[in-house]
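We did not get these values from a lab; they are worked out from the coordinates using the rules stated. Since we're looking at a predicted model, the values are computed, not measured. Glycine gets a Cβ as well: all are built from the backbone with ideal geometry, and neighbour counts include every protein chain shown.
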Amino acid sequence: MFMKKYDTDGKVIVAVCDRNIIGKKFKEGNLVLKLDESFYKGCEACEEEIKEALACASIANIAGERAIACAVGCGCIDPDTVIYIDGIPHAQMVQI
């Protein structure tokens, strides 16, 4: 999986994407999921690194089977909030 972190005005944004779908675009009806390398491709990360980053994140964008499973496993994403676009799972998280 790839993970990229952004620090913006004291907020941490984390983008996580499965390796096999990065750089691709998925469409279903009016929904479009564009997994730009410029946004998602940081460094390769293991599940533990991703779980640690998500626990500290203010905002997260997560795409792909492995990435979503990792986020659900650490309790950052409720599985009922995951959407599927052309079969690809995607979720967002915002800590208020």
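For this structure, a couple of remarks:
- In this label model, GLN95 and ASP36 are separated by 2.5 nm, measuring between points 7 Å along each Cα→Cβ vector.
- Counted residue by residue at 0.36 nm each, then reduced by the alpha carbon distance between them, the extension gain from ASP7 to CYS56 reaches 16.5 nm.
- Ranked by how many other Cβ atoms sit within 10 Å of their own Cβ, fewest first, the residues ILE59, ILE83 fall in the order ILE83, ILE59.
- Note: relative contact order over the chain, using C-alpha pairs below 8 Å and six or more positions apart, is 30 percent.
- With a simple spin-label model that places each label point 7 Å from the Cα along the Cα-to-Cβ direction, the separation between THR81 and LYS25 comes to 2.8 nm.
- Computed over segment 1-52, Kirkwood Rh from alpha-carbon pairs, angstrom: 11.9 Å
- Taking every lysine pair in segment 2-94 that is 8 or more places apart or spans two chains, those with Cα atoms closer than 25 Å amount to 22.
- Here, the chain has an Rg and a Dmax of 12.3, 36 Å when only alpha carbons are counted.
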